Amino acid sequence: MRFYKDSNKVYLDSAKASPYYYELLDWRNNYEKKSLIKKSEIRVNHKKIVENVKNELADFFELKNGDVFITNSFSQGFQSLVNQIKGKPKFIVLEDDYPSISNAIKKNNFELIFVKNDSNIENNIKIAVDKFNPDFLAISVVQWIDGILIDENFLKKLKSKYKNLTIIADGTQFCGTCNFNFEKSPYDVLISSGYKWMFAGYGVAFLLIKNHFYKNIFLKSDKLQMENAIEIGHYDMLAIGSLSFSLKKLSKSINAIEKKLKELSIIVMFELKNLNLLNDKVKIRTKHSTIFNIKDPEGALYDWLSNNNFICSKRGNGVRISFNFFNNKTEIKKLIKTIKKFNSLL
């Protein structure tokens with residue numbers, strides 16, 4: 001996967017959107033040219049192609065007993081899924097988690113219980129589950145604002161104690177970062193957009209659903225009904241094809257990608273800790289993603305980094321930076337040097 005590198009800029013914004021790489025751009029351009037010539041004929045076998053991509057997703061995430069569905073975004077997929085849930089279930093959601101999660105639950109008038117999203121995040125979830133005995137926990141595997149990686153082993157223990165707890169996960173900031181076995185995970189459903197670490201661009205997302213989810217007492221849908229509810233309208237074959245193309249690339253190198261991202265995460269954590277730029281919630285984590293939120297309540301650091309050609313995002317009360325496998329240690333050194341220079345001017 002060859003990425004365009006602007007020598008004057010450092011791209012630290014994969015949490016917003018990963019860039020295309022040359023090979024994918026070539027494939028997309030060729031597909032568009034074929035569309036110009038073949039017109040509607042290009043979609044003759046589109047259903048078979050979609051089924052093949054679903055099989056590729058199942059293989060990549062090691063889903064053996066369940067289903068894969070395709071949609072256009074996490075938000076659309078989560079809303080479609082929640083619409084299939086009936087009755088008056090109780091949902092637990094983290095404060096400041098991705099807004100589409102709580103918005104969809106509110107829209108369906110389900111009971112919504114917010115859990116404090118602080119340095120005791122897992123313990124707060126446990127206390128809430130003990131107290132309220134919820135039916136569902138809806139949670140992002142990696143928190144979009146500060147990159148907190150939810151402890152999977154904690155969730156497994158929680159599931160073993162509360163057999164009727166169903167966990168629906170947002171994997172948008174997680175999928176594609178590691179060799180992930182969905183079958184062995186604590187998640188009953190995982191939904192992810194494809195435009196971040198999956199390198200598929202906008203317009204495609206997927207849902208992974210374990211078979212036992214259909215037995216949920218609040219669900220009145222079988223596989224066919226679920227498919228009809230989620231896969232609405234025409235398939236975007238350019239987006240789905242892009243996902244397939246990137247899956248083939250990622251499958252060959254996901255172990256190396258995981259290793260590289262872990263190394264970058266450890267280095268960045270160490271450097272930002274030394275500069276006292278991380279809040280206590282992140283500093284105490286033994287494992288973290290490659291997304292970090294740097295203290296910047298006034299927004300001055302964001303402006304400084306932007307003026308020095310770092311591509312990043314404002315999120316919450318800080319600057320969100322996010323690393324991908326195409327980033328390197330030299331870019332980290334450049335970032336830290338630039339931040340230190342900013343601090344010296346204060």
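Report yes if some residue within the stretch 39-61 is modelled with pLDDT of 95 or more, closer than 29 Å to S185 by Cα and in a loop (DSSP other than H, G, I, E, B); otherwise report no. So far as the stretch 39-61 goes, yes, one or more of its residues are modelled with pLDDT of 95 or more, closer than 29 Å to S185 by Cα and in a loop (DSSP other than H, G, I, E, B). S140 meets all of the listed conditions (1) touching a residue at least 40 places away in the same chain (Cβ under 8 Å); (2) out of contact with any strand residue (DSSP E or B) (no Cβ under 6 Å at 6 or more places or on another chain); (3) within 25 Å of K295 (Cβ to Cβ) but one, namely (2). Reported count of residues in the stretch 167-197, each being more than 24 Å from N103 (Cα to Cα) and either within 9 Å of the chain's Cα centre (by Cα) or among the β-branched types (V, I, T) (or both), is 3. Across the stretch 89-120, which residue is surrounded by the most Cβ atoms within 10 Å (Cβ to Cβ) among those that are charged (D, E, K, R) and either in a loop (DSSP other than H, G, I, E, B) or free of Cβ contacts under 8 Å to residues at least 24 places away in the same chain (or both)? Step by step, filter the stretch 89-120, then rank; the result is D97.
Cβ separations smaller than 7 Å between residues 6+ apart or across chains give the following pairs from the stretch 227-253 residues that are over 13 Å from S73 (Cβ atoms) to residues that are at pLDDT 95 or above and of a type in the set (D, E): S244/E56; L247/E56.
Any chance the stretch 315-335 includes a residue that's of a type in the set (D, E), closer than 30 Å to E95 by Cα and not assigned by TED's automatic domain parsing to the domain that holds G171? Checked against the condition, which is being of a type in the set (D, E), closer than 30 Å to E95 by Cα and not assigned by TED's automatic domain parsing to the domain that holds G171, the stretch 315-335 yields no hits at all. Of all residues in the stretch 79-88, those satisfying the criterion of being under 13 Å from M226 (Cβ atoms) and in a helix (DSSP H, G or I) are S80, L81, V82. For the stretch 19-35, the candidate set comprises residues that are modelled with pLDDT under 95 and part of a loop (DSSP other than H, G, I, E, B); within that set, the residue that is nearest to the chain's Cα centre (by Cα) is P19. Does A58 satisfy the condition of being surrounded by 20 or more Cβ atoms within 10 Å (Cβ to Cβ) and either within 18 Å of M198 (Cα to Cα) or not assigned by TED's automatic domain parsing to the domain that holds L219 (or both)? No, not satisfied.
The values are calculated or read from the model by the stated rules, or taken from the named source; none is laboratory data. As the structure is a computational prediction, the values presented were derived from the model and not from experiment. Because the Cβ atoms are built from the backbone with ideal geometry, glycine has one as well, and the counts that use them run over all protein chains shown.
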